[in-house]
Each structure stands twice: as C-alpha cells, then as structure tokens.
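A.B. asks: Can you read through this structure? Questions will come right after.
The values are calculated or read from the model by the stated rules, or taken from the named source; none is laboratory data. This is a predicted model, so every value here is computed, not measured. FYI the Cβ positions are ideal-geometry reconstructions off the backbone, even for glycines, and counts take in every protein chain you see.
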Amino acid sequence: MELVCTTSNDYPYWEYTKPIVATVTGYNAFPSLNETLSGNCGFWGGKVNDPSGALYQYMDLKYYSRLIDSSAAHFELSAFVGGIESDGDYSLVSVGFRSSDNKQLGVTSLEIVTNIHRNNRSGLLLRRETGIIPKYSKVFGIAFEFMKMSDGPYNNGLADDIQLIIRPIEHINKTFDRVT
C-alpha cells in the first residue's frame, strides 16, 4: 500500500491541523541534506514560528479485513526522520488503527530523532517499528507531528520515505525460519 504525496503545497489526500507543514520540493532549501534524502516526498515542519503542527492521512483496510480479523496481519512502519543542524525540532511519525465505529484500537510511534542523535548536524535517520494490526481494524491513519523545540524562526523537523507495509504473519514467520 503506497501513501499518496505531492511536491506542491495543495496536499491532496493529506489533512493538516494548521497550514504550517510544507512539502519540500527538490530539497534545495536544505543543501546539507541532499545526500540523505532519497524519496520524492519530504515533509518539513514549516516556515511559521509555531510550536507544533500535524499532517495526517487515512486509508481503508478493507482489502486486508480477513487477515486482520483473524489476527494474522503484521505491519512495519518506517521513515527517515531528523532535522537541521543543532535545532532541537523533530518530527513524530505514528500509525493508528481504528474500528468501523471509529474506536481507536492501537497506535505505534517511531522513535524520534533529536539533534543529539544527529550529532548537531543536518540529517535523517531510519526509524522502524513492527507489530500486529489490532483485530477488527478497518482504517489506519499515518500522522506526522512536527514539534518545535528551538528558538529559531522555523520548525525544522523533517520526515522522508514513510512506508507502511502489511504482510500475513505466516510470511513473517517463514522469513524468520530461514534466518538461522
């Protein structure tokens, strides 16, 4: 399942809490990151001096319902997250699963990347979490929360190459059986 993204500022398929999240195009604004960014979707906290902002997208899980309702669906959420230089700004990437009556069934968040993790240099680090999709999940939502911790004029939390992969648990077990 591939999330839809854009390099314009109209955010099709994405919703946001405040209009502060900017989609980075070409990464020209961050020349020190060119070597670490590989996807066509890079998300930046924005040009507005605001302490937080969020961007999110919901997708239907109907094609996986038999697998999910039998507690046999495994997911892997991954993204490259980081920031700019010594700014403490960061992005929090999470996935949430909801039932048909919109009840929250589970949330998994990636570990944040702080300026300390990045040695006060501009960059992105891979973060990954796995788990079982909660039984009766019908929708999932991917969210980016951009948290401003620095005194600078921008929210410099970054996220790139976001993936959510869904597989049957039996496929995962067979993979582990081969690695001995």
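A.B. asks: Return the residue satisfying two criteria in turn: it lies in segment 87-119 and is without any contact (Cβ under 8 Å) to a residue 60 or more places away in the chain and among the small types (Gly, Ala, Ser), and of such residues it is farthest from Ile162 (Cα to Cα).
C.D. replies: This residue is Ser100.
A.B. asks: What is the number of the single condition among (1) under 12 Å from the mean Cα position of the chain (by Cα); (2) crowded, with 22+ Cβ neighbours inside 10 Å; (3) among the aliphatic types (A, V, I, L, M) that Ile84 does not meet?
C.D. replies: (1)
A.B. asks: Collect the residues in segment 120-160 that are of a type in the set (Lys, Arg) and either without any contact (Cβ under 8 Å) to a residue 60 or more places away in the chain or on the phi > 0 side of the Ramachandran plot (or both), keeping them in residue-number order.
C.D. replies: Our first condition is that a residue be of a type in the set (Lys, Arg); within segment 120-160, this holds for 121, 127-128, 135, 138, 148.
Selection gives Arg127, Arg128.
A.B. asks: Tell me which strands (runs of 3 or more DSSP E) are completely within segment 80-166 and hold 3 or more residues being modelled with pLDDT under 95, or say none if there are none.
C.D. replies: 90-98, 123-132, 139-147
A.B. asks: Considering only segment 135-149, state which residues are surrounded by fewer than 20 Cβ atoms within 10 Å (Cβ to Cβ), more than 13 Å from Ala54 (Cα to Cα) and not aromatic (Phe, Trp, Tyr).
C.D. replies: Of everything in segment 135-149, those that are surrounded by fewer than 20 Cβ atoms within 10 Å (Cβ to Cβ), more than 13 Å from Ala54 (Cα to Cα) and not aromatic (Phe, Trp, Tyr) turn out to be Lys135, Lys138, Val139, Met149.
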